[in-house]
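As structure tokens, the structure follows; a few thoughts come after it.
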Amino acid sequence: MRLLLETSYLLRLIVSMTTFVCACVLVVYWGTVAVKARRLARKIGKDPNVIPRETVGRWMRLIWAPTVAAWCVQPWLAVFGVGRGTVWLGRLLKPVQPVAVLAAIVGSLLAVVALILTMLCWRRMGLSWRIGIDPGERTELVVQGPYRLVRHPIYALSILLMLGVVLTIPTALMLVTAGIHIIMLQIEARREETYLLKIHGPQYGRYQEAVGRFIPRFRVQ
């Protein structure tokens, strides 16, 4: 009996630690976004479209902003055990189940990897990094580094980060949050492509044909 209690405690501890890792990753991720936006605004003389300059983007923010807030808050609620017995915040996999522990470990590792790779993508974007669309703005087309593999590596990694958090914190509310976030990324990626095709013309069209949106295209010669 003592061994079972010790094993159960160890499994819960591992899940708690991985949950804490995901909570910290999201703080670093979105904190970096806020800092980058502020620094870039000083360099280019305008905010990097935190509030988009077009109507659709602004309406999308009304859905996306609370979704991101829910994404960031839920891991901390899980860390402190808030709502663990509720339908929406209760874990769909019990922390003492080996599959839940394995999922939590894999999920937290995915979250850390996604954060590191996203930072590399942000650095590659340089002064061209934006958060939304400004139809009257023309930025340099970045096609090097990770952008040689996929057209939207930051969005692809955001999906990976979200899936990592879902694996670590499998609650009904997190699943809904993930679904909304991924749908919004799909819509925004297509809107950005329309904008970039208009701004860069055939150059972006050739890039679009050669490089996959979220997944690399491997062609057999």
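Some points to look at:
- Ranked by how many other Cβ atoms sit within 10 Å of their own Cβ, fewest first, the residues SER108, SER16, SER158 fall in the order SER16, SER158, SER108.
- Sum of side-chain charges, ARG190 neighbourhood, beta-carbon under 11 Å (Lys, Arg +1; Asp, Glu -1): 0
- For segment 156-199, convex hull of alpha carbons as volume per residue, Å³: 44 Å³
- Total formal charge among the other residues, if their Cβ is under 9 angstrom from that of VAL211, Lys/Arg +1 and Asp/Glu -1: +3
- Magnitude of the charge dipole, the chain, Cβ model with Lys/Arg +1 and Asp/Glu -1, debye to 20: 360 debye
- Degrees between helix 55-79 axis and first principal axis of the chain (Cα, 0 to 90, nearest 10): 20 degrees
- Using alpha-carbon coordinates, inclination of helix 98-125 to the longest axis of the chain, degrees: 20 degrees
- Segment 1-131, relative contact order in percent, only Cα pairs under 8 angstrom and at least six apart counted: 42 percent
- Rounded Å value of the spacing that divides the Cα centres of segment 153-168 and segment 200-216: 23 Å
- Put a plus charge on the Cβ of each Lys and Arg, a minus charge on the Cβ of each Asp and Glu, and nothing anywhere else: the dipole of segment 171-218 about its Cα centre is then about 100 debye.
- Crossing angle, helix 2-44 versus the chain [Cα axis fit, 0-90 degrees, rounded to tens]: 20 degrees
- For GLY212, nonlocal amide neighbours, meaning residues 5 or more places apart or on other chains whose placed amide H falls under 5 Å from its own, are ARG151, ARG217.
- Partner aspartates and glutamates whose Cα lies under 15 Å from the Cα of LYS46, excluding those fewer than 8 positions away in the same chain, are identified as ASP134, GLU137.
- Among LEU161, LEU120, a tally of other beta-carbon atoms within 10 Å of each Cβ gives an order, fewest to most, of LEU120, LEU161.
Each value in this text was obtained by applying a stated rule to the coordinates, not by laboratory testing. This structure is a prediction, so every number in the text was calculated from the model and none was measured. Cβ: placed from backbone, ideal geometry, glycine included. Neighbour counts: every protein chain shown.
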